[in-house]
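Taking it in order: structure first as structure tokens, then the write-up.
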Amino acid sequence: MNPVTLLSLGRIAVGVASIAKPDLVAKQMVGQAEDPPVLTQWFGNREIALGLVTLLARGGHRRTLVLAGMAVDAADAGTTYTAMQSGALPKRLAVPAIAVAAGAVLSGLFGLRVKKKVKKTRKASAAQ
């Protein structure tokens, strides 16, 4: 399966979990549940929307959405690192979150590269 499709499905799963079980997701992200859980649910809405529109998009639009997702994930990693450095987020929570966000950036990059290679292979086959 294409890495972009997997990443999109992962975003949707995280989003659904954030809305359905915000206390569980918040504990994993920041160490405690929020009351009310609105920020975790906002995060979930963002992930579902980004995952769905990326799945539905084609061509250049899909590439643009993958790049937007990579920018969001890079920002998440940077924000989490800053929170860890300031002591606002314990290292035991920050390091896995940074790893997940960085992994999402790399997955998006890999997905874009796979798509380019597939296009080149198809063009070469068509030319023969």
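Numerical summary
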{"item": "All positions within the range 21-33 that are under 18 Å from the mean Cα position of the chain (by Cα) and hydrophobic (A, V, I, L, M, F, W, C)", "result": "25, 26, 29, 30"}
{"item": "Residues (at pLDDT below 95, buried (at least 16 other Cβ atoms within 10 Å of the Cβ) and β-branched (Val, Ile, Thr)) located in the range 101-121", "result": "none"}
{"item": "Test result for residue 55, part of a helix (DSSP H, G or I) and touching a helix residue (DSSP H, G or I) at 6+ places or on another chain (Cβ under 8 Å)", "result": "yes"}
{"item": "Residue that is farthest from the chain's Cα centre (by Cα), among those in the range 34-63 that are small (Gly, Ala, Ser) and surrounded by 15 or more Cβ atoms within 10 Å (Cβ to Cβ)", "result": "57"}
{"item": "Failed criterion for residue 14 (all others in (1) among the hydrophobic types (A, V, I, L, M, F, W, C); (2) surrounded by fewer than 16 Cβ atoms within 10 Å (Cβ to Cβ); (3) under 27 Å from residue 114 (Cβ atoms) hold)", "result": "(2)"}
{"item": "Unique match (being in contact (Cβ under 8 Å) with a residue 60 or more places away in the chain and in contact with a Gly (Cβ under 6 Å, 6 or more places away or on another chain)) among 30, 66", "result": "66"}
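Let's see how each residue does on (1) in contact with a strand residue (DSSP E or B) (Cβ under 9 Å, 6 or more places away or on another chain); (2) modelled with pLDDT under 95; (3) not aliphatic (A, V, I, L, M):
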site	(1), (2), (3)
47	no, no, yes
68	no, no, no
71	no, no, no
79	no, no, yes
97	no, yes, no
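The values are calculated or read from the model by the stated rules, or taken from the named source; none is laboratory data. The shown structure was predicted, so the numbers you read here are calculated from the model rather than taken from an experiment. Methodologically, a virtual Cβ is constructed for each residue, glycine included, from the backbone with ideal geometry; neighbour enumeration extends over all protein chains shown.
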